[in-house]
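For reference, the structure discussed in these notes is given below.
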Amino acid sequence: MNLPSKVCLGAGVFLVLSGGLLALTGFALGARTSLDLHWDNQGIETDVSYSYSDSTMESGIWENSVDPFSRLDVDLSLGSVRIVYGEDYRVSCEGAWTAGLDCESDGDTLRLTGSVSEMELVSSGEQAVVTISLPEGERLERADLHTDMGQVEVDEVPVDRLTVDSGMGDVTLSAVAAEEMDLTLGMGALTAKECSTQRSLQVSNSMGNVTLDGAFLGQTECELSMGDLSLTTLGSREEYEWEIDVSMGEFRLDGEVQPGHSERSGGANQLELTNSMGDIEVFFQS
């Protein structure tokens, strides 16, 4: 991006972050909160203290085994969630919380919910973290992950359909193979390394950078309002058709600057990429 664009972007980010922090301060009344945000790998931390008299608050680690599951439904107001391989089907929560995490099995679906009154930030300033594990080699049919404020991480666990809805927080996917992905972020960075989709990938990010690296087949749609998009995919240009629009920023194809609007037809796979304020980079690895 050119210098005037970066100046405007920086000013806008500062104003929006300031407003977001003030709103969250009022939203988290009754808790001692510390908010840790990330923008382009640069941390922003603010610490706001409140009195809290609820004697039921506990801190430490809660851990329990659960029935086998092939579907996940997670809805957290305040806290981070991790999906990883482990020795068995298990849920753990590390941090400070009051009434605890609501965890229930419904057939092959594991449901976890935590409201603001139940999932508070820990006194050290770190967020409560919920870790869900399943035995190595198992695959999820579906995972629906929602957080109002917190990080989302999926590490090497394959899932047929992955849906992530993050209000504020980074989303990190590592070596995740999926048929379909639908990823929505309000404010945060999305990083997907060594990932793959067979049918579709949909990404929407209002504020934050998006980095996608892997094999993205079928339909890939990315829409950014403010932030940079970097997409690296296996295959050659001839295997993709695309429509790419950059309103305020640069579009680079395999490192070469291109016009802000670019179209190509004839490929078996489709790329539809738009960015209102920020750069788009596309790399083909063949």
Checklist entry - How about region 187-202: which of its residues are on the phi > 0 side of the Ramachandran plot and either among the polar types (S, T, N, Q) or in a strand (DSSP E or B) (or both)? => result GLU194
Next on the checklist: Being not in a strand (DSSP E or B) and not aliphatic (A, V, I, L, M) narrows it down to one residue among GLY214, GLY249; which is it?
Outcome noted: GLY249
Checklist entry - Cβ-Cβ below 6 Å, separation at least six or inter-chain, first residue in region 147-173 and assigned by TED's automatic domain parsing to the domain that holds SER204, second at pLDDT 95 or above and among the acidic types (Asp, Glu): which pairs? => result GLN151/ASP170; ASP160/GLU141; ASP160/GLU179; ARG161/GLU180; THR163/ASP144; THR163/ASP182; THR172/GLU153
Item to check | Hey, LEU110 within 28 Å of ARG161 (Cβ to Cβ), modelled with pLDDT of 85 or more and among the aliphatic types (A, V, I, L, M) or not | outcome: yes
Checklist outcome for this item: With the first residue restricted to region 78-89 and required to be on the phi > 0 side of the Ramachandran plot, and the second required to be small (Gly, Ala, Ser) and assigned to a strand (DSSP E or B), Cβ contacts under 9 Å at 6 or more apart or on different chains are GLY79/GLY95; GLY79/GLY114
Next on the checklist: Looking at GLU194, GLU239, GLU223 in this structure, which one is farther than 22 Å from SER265 by Cα, in the same structural domain as ALA268 (by TED's automatic domain parsing), surrounded by fewer than 23 Cβ atoms within 10 Å (Cβ to Cβ) and free of Cβ contacts under 8 Å to residues at least 60 places away in the same chain?
Outcome noted: GLU194
Next on the checklist: Just to verify a result, which residue in region 255-277, among those that are part of a loop (DSSP other than H, G, I, E, B) and out of contact with any strand residue (DSSP E or B) (no Cβ under 6 Å at 6 or more places or on another chain), is nearest to GLN219 (Cα to Cα)?
Outcome noted: ALA268
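The values are calculated or read from the model by the stated rules, or taken from the named source; none is laboratory data. All values derive from a computational prediction rather than experimental measurement. Reconstructed Cβ throughout: ideal geometry from the backbone, glycine too, with neighbour counts over all protein chains shown.
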